[in-house]
Amino acid sequence: MAVTKLAKNKVRPIDWYEYYFHDPIRSEGLFWAFCPLASFSVAQQGMVSRTRKTGQKMGLEKGSTSLGPLSAFSSIVRENQPLSPFTWLQIGGPTRYFIEPNDESQLVAVVQACAGSGIPMRILGGGANLLVREAGFDGATISLTSPAFSQMKHVENTIVCNAGAKLSHLIAFSVGAGLGGLEHLVGIPGTVGGALYGNAGTDEGDIGQVVLSAKLLTKEGRVVEATGQQLAFSHRVSSLDELVILDATFQLERGEVRGLTKREQTFWILKRSKQPSFPERAAVAFVDPDGYKAAELLQQSGFNGASEGAVRLSSTYPNFLIAAAGATSTQVLTLLERVREGVADRTGVQLQFHLQIW
Ligand SMILES: Cc1cc2nc3c(=O)[nH]c(=O)nc-3n(C[C@H](O)[C@H](O)[C@H](O)COP(=O)(O)OP(=O)(O)OC[C@H]3O[C@@H](n4cnc5c(N)ncnc54)[C@H](O)[C@@H]3O)c2cc1C
């Protein structure tokens with residue numbers, strides 16, 4: 001992974017930290033290896049910030065082309081930035097503009113500038129559910145990696161959390177604060193924004209079930225509020241029409257820190273037993289259809305281990321895609337389409353892609 005390699009070349013201690021915490025797979029693995037400790041320290045701090053400085057060391061030539069309508073934001077915009085280092089599958093082409101606003105007011109200004117110039121926009125979370133095509137994205141990819149987008153605080157039985165925070169950090173924070181209701185989501189990689197967008201969840205429930213309200217930013221750059229009901233969460237879907245989830249308020253239940261930590265650890269062990277181990281470049285292939293498990297349908301239809309080029313479905317956990325060196329997004333899409341058709345022929349069940357395709 002490009003970011004990892006670049007970070008490794010430097011020897012300052014901070015880069016060792018960045019080396020591990022830039023890499024989403026290692027980051028999640030390490031974080032949860034020290035799960036109880038993390039819960040404790042996060043609770044002690046009372047606040048978490050995400051300090052990924054991805055891309056600053058990518059070595060792209062600055063000012064090689066004009067930023068046009070985004071020239072006022074030159075310090076936070078890079079052109080033709082490859083997106084592959086930002087996705088778990090580590091595949092995909094560049095984005096025309098890669099923008100990392102420093103705070104909400106700058107984000108609003110960026111969105112208004114893009115909207116005013118007709119530049120299409122997309123929001124990047126942790127890249128754990130993203131497949132970027134080789135052609136990339138001819139628009140602005142906005143990344144909420146600044147610490148300003150990762151703050152969280154608890155007020156009585158609620159937590160207000162910015163969308164750029166890692167879901168794992170939110171869970172650790174809530175457990176440390178003695179607030180239960182998120183522990184079953186442990187081990188789901190990515191950000192709070194990505195989890196809300198796709199209503200991430202497990203057999204125990206979805207994140208949408210504990211959302212009281214959310215603050216959103218429209219495509220025109222207006223900040224609006226929505227209740228949990230208005231977001232109409234259903235299985236792996238939210239009805240989000242707006243461009244950006246800025247933050248969400250979670251309604252949780254009081255509990256003992258010790259008991260919640262145990263619950264979280266138990267869910268973590270369970271989760272780890274159901275997915276490939278962290279060094280792999282992995283992604284969830286299909287959404288579980290109503291009344292079925294995608295993994296079982298794939299197994300029954302003989303698609304566990306199915307491959308296309310350097311991409312395969314795991315033999316052990318068939319609903320996970322694994323990418324090896326040389327994998328392309330075309331291979332991923334070809335494999336997913338072939339498998340979807342095969343499962344429909346053999347079982348009559350139509351599978352939906354879990355990955356968001358850019
Ligand atoms: C090993 C592994 C295990 C997984 N296990 C599970 C699981 O058990 N359950 C589950 O549900 N998923 C699972 N996933 C999928 C993935 O972790 C979730 O979909 C996760 O919520 C994606 O979050 P992200 O921040 O990485 O989003 P990204 O992949 O970056 O983005 C996904 C979508 O969300 C949108 N988005 C992100 N942030 C925002 C924002 N702030 N505002 C508006 N839109 C936004 C993006 O534009 C994109 O369309 C797993 C993935 C992996 C690799």
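What is the calculated FRET efficiency for residue 346 to residue 266, with r their C-beta to C-beta distance and R₀ = 25 Å, to the nearest 0.05?
Details: r = 35 Å, r/R0 = 1.41.
Plugging the Cβ-Cβ distance into 1/(1 + (r/R0)^6) gives 0.10.
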Considering only C-alpha atoms, what is the centroid distance from the stretch 192-225 to the stretch 256-311, in Å?
22 Å
Tensor-based shape of the stretch 157-295 (alpha-carbon gyration tensor, a/c under 1.5 rounded, otherwise prolate or oblate):
oblate
If I model a spin label at residue 292 and residue 105 as a point 7 Å from the Cα along the Cα→Cβ vector, what separation in nanometres do I get?
5.3 nm
Considering every pair of different Cα atoms, what Kirkwood radius, in Å, is found for the stretch 277-357?
12.4 Å
Could you let me know the centre-to-centre spacing of the stretch 72-105 and the stretch 117-170, using Cα atoms, in angstrom?
12 Å
Just to check, using Stokes-Einstein with a Kirkwood Rh over alpha carbon pairs, what's the diffusion coefficient of the stretch 76-154 at 20 °C and 1.002 mPa s in µm²/s?
165 µm²/s
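Might you report the magnitude of the Cβ-based charge dipole of the stretch 277-357 about its Cα centre, with Lys and Arg at +1 and Asp and Glu at -1, to the nearest 20 debye? If you can, show how the numbers build up before the last one.
Values: 6 positive and 8 negative charges, 31 e Å.
Dipole of the stretch 277-357, to the nearest 20 debye: 160 debye.
I'd like the FRET efficiency for residue 75 and residue 357, computed as 1/(1 + (r/R0)^6) with the beta carbon distance as r and R0 of 41 Å, rounded to 0.05. Before the final figure, lay out the partial values.
Working: r = 31 Å, r/R0 = 0.76.
So, using R0 = 41 Å, E works out to roughly 0.85.
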Expected output is a single nm value to one decimal: the length gained when fully extending between residue 212 and residue 134, i.e. 0.36 nm times separation in residues minus the C-alpha distance. What is it?
24.3 nm
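Read-outs throughout are calculated quantities, based only on the coordinates presented, and are distinct from any laboratory measurement. The shown structure was predicted, so the numbers you read here are calculated from the model rather than taken from an experiment. Neighbour counts run over all protein chains shown; Cβ positions are idealised from the backbone, glycine included.
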